[in-house]
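Have a look at the structure below before the remarks.
All of the numbers you see were taken from the coordinates with simple rules; none came from a lab. Every value quoted in this text rests on a predicted model; they were computed, and no experiment measured them. Here Cβ is always computed from backbone atoms with ideal geometry, including for glycine, and neighbour counts include all displayed protein chains.
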Amino acid sequence: MNFYCKKLTQVDGSEVKKIYLAVGWADENCDCEILNLLAEKSTVFVGAFDSTSNQMIGMGRVLSDGISDACIQDVAVLPEYRHQGIGKAIIEMLVAECLAKGIDWIQLIASPDGKKLYESCGFEIMSDHVPMKFKVKK
């Protein structure tokens, strides 16, 4: 399977929605207008595309202060395209973009299924830190 990755500053929210739906991050009511802004508002946004159809098949992005810290977010590949090196290519491109900007504190939160992939890209578990999320009271 041939694919390519490229940095994007604009994205079609419907393409992102397709990926979000496939990985369980959204439902059919997801607002494409908000997803249209992901590339524009991210420090770096990388899309992966099928070389034959030019369809977006994967994505990932970086949020950063642009100086010292960065967080990789939303790395996802459509299920039918997994295990072909696409996720790794996305991560490597995101990391290279951070390093080119002099940003070397690069973090992420991995799912149990993604742990092996991220480790193969040079990430390691921070045994002295605990990821936390703010719980909104409803």
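Counted over region 3-120, the DSSP beta bridges are approximately 85% antiparallel. Could you check which residue among ILE90, ILE67, ILE57 shows the biggest mean-square fluctuation in a GNM of the chain with a 10 Å Cα cutoff? Greatest mean-square fluctuation among the candidates belongs to ILE67.
Averaging 1/r over every pair of different alpha carbons in region 3-120 and inverting the result gives a Kirkwood radius of 14.4 Å.
The residue list GLN10, HIS83, MET126 was ranked by how far each Cα lies along the charge dipole of the chain toward its positive end, using unit charges on Cβ atoms, and MET126 comes out on top. Would you mind telling me which residue in VAL11, VAL23, VAL62 has the biggest mean-square fluctuation in a Gaussian network model of the chain, where springs connect alpha carbons within a distance under 10 angstrom? Taking springs between Cα atoms under 10 Å, the residue moving most is VAL23.
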